[in-house]
1. If contacts are Cα pairs under 8 angstrom and at least 6 residues apart, what is the relative contact order of region A:77-301 in percent?
2. B:A280's amide H: which non-local residues (gap 5+, or another chain) put their own amide H closer than 5 Å, with H modeled 1.01 Å from N in plane and none for Pro or chain starts?
3. In units of 2.2 N^0.38 Å, what is the alpha-carbon radius of gyration of chain C?
4. Based on Cα positions only, what radius of gyration and what Dmax would you give for region A:77-301, in angstroms?
5. Please list C:335-345, A:33-43, B:128-138 highest first by mean number of surrounding beta-carbon atoms within 10 Å per residue.
6. Counting only heavy atoms of the protein chains, get the accessible area per residue of chain B (1.4 Å probe) and round it to a whole Å² value.
7. What residues from region A:60-84 fall in the zone where the backbone N is under 19 Å from a label point 7 Å along the Cα-to-C-beta line of B:A243?
8. Would you pull out the residues with amide H under 5 Å of C:S326's amide H, same chain only if 5 or more places away, H placed 1.01 Å from N?
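The values are calculated or read from the model by the stated rules, or taken from the named source; none is laboratory data. The shown structure was predicted, so the numbers you read here are calculated from the model rather than taken from an experiment. Don't worry about glycine lacking a Cβ; one is built from the backbone with ideal geometry, like all the others, and counts go over all protein chains shown. Surface areas here come from the heavy atoms of the whole protein model, side chains and all, with no ligands, DNA or RNA. Shrake-Rupley method; radii C 1.70, N 1.55, O 1.52, S 1.80 Å.
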Amino acid sequence: MSTLTAVRGGAPVETPEPSEPTPRRRRWVPYALLLPGLVWLAVFFLAPMATLFSTSLQVGSIDEGYRPAFRIANYTEALSAFSEQFFRSFGYAAMATVLALLVSYPLAYAIAFKAGRWKNVLLVLVIAPFFTSFLVRTLAWTAILGDQGLLLGQLKDIGLVSPDFRLLARPFAVVLGLTYNFLPFMTLPLYASLERIDRRLLEAADDLYSSAFTTFRKVTFPLSLPGVVAGTLLTFIPAAGDYINQRLLGTPRQSMIGTVIDSQFLRVLDYPSAAALSFTLMVSIVVLVWFYVRRAGTEELV
Amino acid sequence: MTASHDARIPAALSRAGLSRRRFLRGVGYGGVALTGGSLLAACGTDPAKPRPEEQVAPDRSQQEKVVNFSNWPLYIDVAGKNEGKRPTLDAFTKQTGIEVNYTEDVNDNDEFFGKVRPQLQAGQPTGRDLFVVTDWMAARMIRLGFVQQLDKANMPNAGNLRAALESPPFDPDRSFTMPWQSGFAGLAYNAKVTGEVSSVEELLTRPDLKGKVTMLTEMRDTMGLTLLDMGKDPSDFTADDYAAAIDRVQKAVDSGQIRTFTGNEYAQDLAKGNIGACVAWSGDVIQLQFEDKNIKFVTPDAGVMLWSDNMMVPNKAAHKANAETLMNYYYDPAVAAELAAWVNYICPVDGAQEEMQEIDPELADNPLIFPDQATLDATHVFKDLSAEEERNYTQAFQRVIGA
Amino acid sequence: MNVAGVPGAGAALRLDGLTKRFGDFLAVDDLHLDIPEGSFFALLGPSGCGKTTTLRMVAGLEEPTSGRIILGDEDVTDRRPYKRPVNTVFQSYALFPHLDIQENVAFGLRRRGQKDIPRQVQETLDLVQLAGYERRRPSQLSGGQQQRVALARALINHPRVLLLDEPLGALDLKLRRQMQLELKRIQLEVGLTFVHVTHDQEEAMTMADTIAVMNAGRVEQLGDPASLYEFPATVFVANFLGQSNLVHARVTGRSGDTLLLDVAGQRLAMPADRSRATAESVLVGVRPEKIYLALAGTRGSGNARSATGDNELSGVVTDASFTGTSTQYLVRTPRGQELVVFAQNTSADRRSATPGDNVVLHWDPAHTFAFDGSGKAEAEEATAEESAAVPRVGVGG
């Protein structure tokens, strides 16, 4: 309440050139408003982050307990043991992100520019998969891609593919599952940024000798870049940490880093190694994102 | 990972078309829910075992006629389609006046351990008076001192426990645990897809099964059967034996023979013919057979694994006596038969077979539900692992299954 | 200097029966216009009158329902916008936010694969006085600067017709005045045909050679600013273009070139050729600044034509407001008509009328105009609210 009082008690808007004393009283207000957010961050982000980091350097076992040891080797051991899964995760996530972008862009474009009164219906359809559980959605793909499933069953019946052919349990299925599951995360930001484009800019381009394709290339696409950046991040980050898709659609040979972290934490009960892997995953994602955003150079558009 | 935070996943799966009866033991996914949160809480844990005398909460059983019971999804009889109506539990309440808060929140042994460990380690109540976990997890919890000794005086029916289950290595005189249900881990195949599969060797090497084989993520079942197939005794093997067995499975993974490792979801794939043969649990197969006679359960000549899911009372449980009354109730042969008729696993209660004759004679004669003593004698139980063994063996197994 | 490179590269624009319907709404109704090469032509009207739709049809951004658009001697009606030698300065400027000023201005040239782009951009930015801003982004410029970039971006393409859609609408008054002169200067310098859409009558009059006043999809009157102002053809024009006092009158006779009128018992005269009326009942108009105001008693009775030959009406001042260059009076006649008078503050005599004073209004009959009087109340309503420069005042009748 004191915050409000202070604001109201401040200089009236009409006062020309507010002189020194009044702003000083207000200066703390922005920080006071930040406080709940900062407390939240401290309690639910920084503190867990600190314990995660500290855990990653401990030694011990579930029976003996864990004690701080500043053991950097936790990192080197975990990374050398699971580097394959790390790279695979980023590889699959990158593929899924590119695929999701290729699928989403035309979709978002159509919804933003061509859907007319169907716009809201289509948006609901984009979000609709979220109404069911992530797992159920993923399991649905096992029915579709199954060796005798909706897709292959038909093709095998008419002899188009050999009876032993399968889509499941291959990298293809995992990447497809990732793509599918995170598609709305790509589509919605793309839609939002396309929707926000001032149609008069497109008219201006049209007026300035741009064909429809050139207008897209030179105006629409550059202006949608914030959505592309947001969408790719929102897809890539969770996809890199995901393991449900690998577990349900893939095989051990498609194992991703999320699978490893889950197993180290819950099954092997090697908390330090799980923490080290989590921490490394997080830091590598932050670094990747940082370079990506800098390169994309969309700051002034966001 | 947002979307995967679904604590009631198997229930969701059953809604998605899986037969509920088939879905007895979900293994594998629930862990996600915890990886994020509890990992953070996992730091700097106290090495000291909780001291038993500090772990007993005042028993409020007399004042509060309730018991909080955590079990696996679809592991109890329900009336028709109404999942909230459970005849045996309702009868229990009628008989004793004790209300049962029945929660299906054990989806996975490891996940459940992750869920209750922080409280148990800190000596705080978990809000549960009774829960059910598999042998090896029961062993770990006893080892860590997380559970209370049972008062057999409250459980006159405990004597009905089948002899074959009376003294598992982790709890030789059943002072901490009572089996809820037991089962075999053996092999299963779909006769529409492949010919008979009779050994793990065939599973791991037969060319016509390439890419159509799954094994269980449950280490004791998968590795136990593999060790048996190699002529080793799962209750008494060396680290070298284990390494050789791991090696064998790894080869099958590398060659693409093994498609993946699963929890219950293999049942679906087996029924659909996506896989031809697999390591399987007996109860699942019985239920698949209701719909498709082509699904066969195989007891390999080398032997099958026997496991139990055990009821235990955690530290600081507030209604221990009520929990014991409930366990006692389920050891009444008539009640046990009613339960077994629904879940189709091995009934651990003597006398239930006779009761079953009245409910469903066909099930009463099913050796997978009421195995004779000779069959039980031929089963094997996985060795009780030390903490270090458990860690090493789990680590090695997790590497094979891709984690 | 001539940016177009080719002096007089503009082309005449002819609209032939141009019509646009949006569903049931007739936005532009059978419009015929001839806009000569090199002229500064204004389409003036209130919002919704169809002027912007007309402009967009010329640009190709709207498809006409019927009619033709002829540019020079080419029919461009069916050409896609990017194939028309026409460029637009948009109301919102529509500058590309992701491109700097250099690239915004060069946009059209690049699309046509032109050479020597930096030089042309430089010259055009010089023309609009924005040299040195090449690397800025549109968002870093003020409204006036953005407007000039928009102008440069269109001009650099040497369109045969430059279309300006309320280009100054977003600017404040002072900047708007300055830009009006600037635009006019540039138009004279490059010699292109400018078609300028605006709702601001002052802007139109300042800049345009020819103004078409539009209302409800039709052209009400076409002409140069002075003749539109001095001799409006319709009630709408009389009120939209500046302010008018309009009173109902009856034609009582004619004497030579002079028409005799009766306004509620008071007699007026006007030159016969300044009446477009055909019937006996007419609306008589006179601009507020043409009327002189004298305190009663300092002049004649006020009930007949004075000795000077001016028209006279007597009344009582009901309101006087000082606006700087002039004072605006409201005067009520005995019959309840309210007239507006702008009196220049030129007199050394500080004594002026105050509310309650009896006054006599007089003006030169040559400043009187008349048209058919069927319009009555419409005269009040039609006055566009946006006719921004001067506040609207009620009209007698």
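1. 29 percent
2. Placed amide hydrogens put B:G186, B:L187, B:A188 under 5 Å from B:A280.
3. Here the answer is 1.15, to two decimals.
4. Here Rg and the maximum Cα pair distance are 20.3, 65 Å.
5. Listed from highest to lowest mean packing, they are B:128-138, C:335-345, A:33-43.
6. That works out to 36 Å² for each residue.
7. Those under the cut-off are A:81.
8. HN-HN under 5 Å from C:S326: C:N345.
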